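The values are calculated or read from the model by the stated rules, or taken from the named source; none is laboratory data. Given the structure is predicted, the values throughout are model-derived calculations rather than measurements. For neighbour counting, all protein chains shown are included, and Cβ atoms are generated from backbone atoms with ideal geometry for every residue, glycine included. For accessibility, only protein heavy atoms count, side chains too; no ligands or nucleic acids. Shrake-Rupley method; radii C 1.70, N 1.55, O 1.52, S 1.80 Å.
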Number of protein chains: 2
Amino acid sequence: MKNLLLASTSTVHGKPYLSYLFEALQEHFKGVKEILFVPFARPGGITHDAYTTTARKAFSEIDIGVKGVHEFEDMKMAVRQAQGFFIGGGNSFVLLHDLYKHGLLSLIKEKVENSIPYFGTSAGSNVAGPTIMNTNDMPIIYPPSFDAMGLIPFNINPHFLDPDPNSTHMGETRETRIIEYQHFNTTPVIGIREGSWIEVKGDTFTLRGTLTARWFVTGNETVELPTGTKIEV
Amino acid sequence: MKNLLLASTSTVHGKPYLSYLFEALQEHFKGVKEILFVPFARPGGITHDAYTTTARKAFSEIDIGVKGVHEFEDMKMAVRQAQGFFIGGGNSFVLLHDLYKHGLLSLIKEKVENSIPYFGTSAGSNVAGPTIMNTNDMPIIYPPSFDAMGLIPFNINPHFLDPDPNSTHMGETRETRIIEYQHFNTTPVIGIREGSWIEVKGDTFTLRGTLTARWFVTGNETVELPTGTKIEV
């Protein structure tokens with residue numbers, strides 16, 4: 001059974017990295033001693049090593065070891081032997097580019113379809129969807145495709161932001177951008193706010209955390225989903 | 001001599017579409033009776049016709065006619081015969097995708113290199129640079145490349161936004177995104193705030209409007225450029 005935890009953000013304001021998710025992660029990775037971390041998204045351009053150190057430190061709080069996939073000469077073998085995955089946030093284009101470059105995209109997908117637990121934050125959640133077309137990131141590198149893992153039947157817009165009613169800025173709001181997307185695409189999109197996550201158990205998709213989320217289906221009115229909603233596609 | 005006016009935004013808060021630029025546009029398009037409008041970026045997914053109507057209405061205030069490129073059966077011929085170009089804002093991915101699809105990218109570039117005046121706003125300014133890698137837009141369609149017209153030797157980040165010091169949002173700031181870009185690319189980037197534009201006369205690039213702009217060169221400290229600066233690349 002597929003088992004994914006897809007978070008809007010790694011960090012909520014004022015709390016240490018991942019700490020708001022520790023309880024959920026303990027449950028999610030129950031029985032897993034070590035996970036494979038994919039640091040490709042490199043937030044702020046940090047190195048794979050530095051990023052892995054950050055992830056390792058956080059997971060040590062819940063007694064789970066972390067290996068960076070880049071530490072292995074044979075990355076594919078590392079994926080095949082992994083007992084759990086964590087794909088960290090950063091830039092979705094860089095992440096997807098590197099997943100293709102190293103031939104890991106379909107391999108990770110296959111493992112997760114065969115019940116290996118997957119945890120993603122931000123860009124790492126985004127690539128679990130059918131495409132990265134609802135990322136907020138800058139296209140700083142050209143990936144061979146925008147197609148991602150398709151482990152869930154809808155796209156994720158992480159760090160979803162409501163419009164600021166006092167803003168004088170004329171750039172598009174997040175909602176406007178997603179509605180533009182719907183003129184060209186029919187895959188549904190969920191905008192998840194910082195502090196929310198999607199729990200995937202087989203084909204059941206549940207909104208978790210304390211906040212509501214925004215749900216965009218082409219041709220329908222955009223709706224606000226309460227936490228606990230089982231998302232029907 | 002190349003002659004471009006590349007604006008951060010079509011509209012500043014509280015003023016009608018393009019109106020803050022009317023004076024500059026009259027000078028820019030001096031002697032031109034009619035311009036060719038490229039509505040491909042379709043802000044909010046509006047139709048090419050509706051977008052062209054908006055542009056036509058604004059330019060009628062300064063007695064310049066507007067034809068939409070989509071109104072021509074032979075778009076390439078329309079480009080070849082144009083006396084001026086206006087490429088409007090919206091989604092940079094959709095714009096670039098359609099410029100490639102209709103084979104217009106290199107044609108427009110060639111005309112502008114041969115002194116036909118070019119006016120761009122937002123996405124229309126972005127595609128004048130070497131690549132669209134510093135757009136803020138969502139990647140809602142996959143273009144055959146991120147390479148754009150390269151009419152100027154640096155990329156444009158339109159609608160440049162300073163970080164909000166009171167924000168609790170954990171998504172990346174604009175500056176962080178551009179600095180991530182610099183880890184992978186060496187083309188300089190200018191972040192132009194709403195109300196600013198770049199005036200291009202041959203190989204002279206001048207910051208216009210009342211605001212400063214942010215200038216990013218890989219390996220250097222990011223600097224703030226006063227209006228009137230001649231940008232040296």
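Structure values in brief
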quantity	calculated
Nearest residue to the symmetry axis between B and A, taken on chain B by its Cβ, in whole Å	B:P139, 3
Solvent exposure, largest accessible area first (probe 1.4 Å, DNA, RNA and ligands not counted), of A:F22, A:F37	A:F22, A:F37
Length added when fully stretched, B:Y142-B:T218, from 0.36 nm per residue minus Cα-Cα	24.7 nm
DSSP-loop trypsin sites (Lys or Arg not before Pro) across the stretch A:19-119, with at most 16 other Cβ within 10 angstrom	A:K30, A:K33
Candidates B:P188, B:P163, B:P143: whichever shows maximal mean-square fluctuation once chain B is modelled as a Gaussian network with Cα springs under 10 Å	B:P163
11 Å cut-off, amide nitrogen to a point 7 angstrom out along B:E23 Cα→Cβ, residues in the stretch B:205-224	B:209-210
For A:D98, solvent-accessible area (1.4 Å; no DNA, RNA or ligand), Å²	20 Å²
Cut-off under 5 Å, modelled amide H: who pairs with A:D137 long-range	A:S92
Links that overshoot a 21 Å alpha carbon limit, given the list B:K76/B:K109; B:K57/B:K109; A:K101/B:K109; B:K2/B:K101	B:K57/B:K109; A:K101/B:K109; B:K2/B:K101
Nm distances between copies for A:S145, ranked from closest, using label points 7 Å along Cα→Cβ	2.2
Degrees, to the nearest 10: B:92-101 long Cα axis against longest axis of chain B	40 degrees
Sequence of A:S115, A:S125 when ordered by accessible area, the most exposed leading, probe 1.4 angstrom	A:S115, A:S125
Dipole of the protein assembly as shown [Lys/Arg +1, Asp/Glu -1 at C-beta], most positive-end residue of B:F29, B:Y142, A:Y181	B:Y142
Which of B:H159, B:H48, A:H183 is most accessible, then next, and so on - probe 1.4 Å	A:H183, B:H48, B:H159
Helix-only mean residue ellipticity at 222 nm for chain B, each DSSP H run of n ≥ 4 adding -39500 (n - 2.57), per residue, nearest 500	-7000 deg cm²/dmol
Debye intensity ratio in log₁₀ form over the Cα atoms of the stretch A:3-225, taken at each q of 0.09, 0.13 Å⁻¹	-0.33, -0.71
Cα gyration tensor shape for the stretch B:1-110, rounded if a/c is under 1.5, else prolate or oblate	oblate
Across the identical copies, how the A:Q26 labels are spaced - nm, sorted shortest first, 7 Å along Cα→Cβ	7.1
For B:F37, residues with placed amide H under 5 Å, excluding near neighbours	B:K67, B:G68, B:V69, B:F86
Area accessible to solvent at A:D74, 1.4 Å probe radius, in Å²	80 Å²
Inter-copy spacing of B:G45 label points, which lie 7 Å from Cα along Cα→Cβ, given in nm from shortest upward	3.6
Efficiency of FRET between B:M77 and B:H13 - r from beta-carbon atoms, R0 45 angstrom, step 0.05	0.70
Selection of GluC sites (Glu not before Pro), the stretch B:130-223, meeting DSSP coil and at most 10 other Cβ within 10 Å	B:E221
Heavy atoms of A:D162 accessible to a 1.4 Å probe, total area in Å² rounded to 10	80 Å²
Degrees, to the nearest 10: A:48-60 long Cα axis against longest axis of chain A	90 degrees
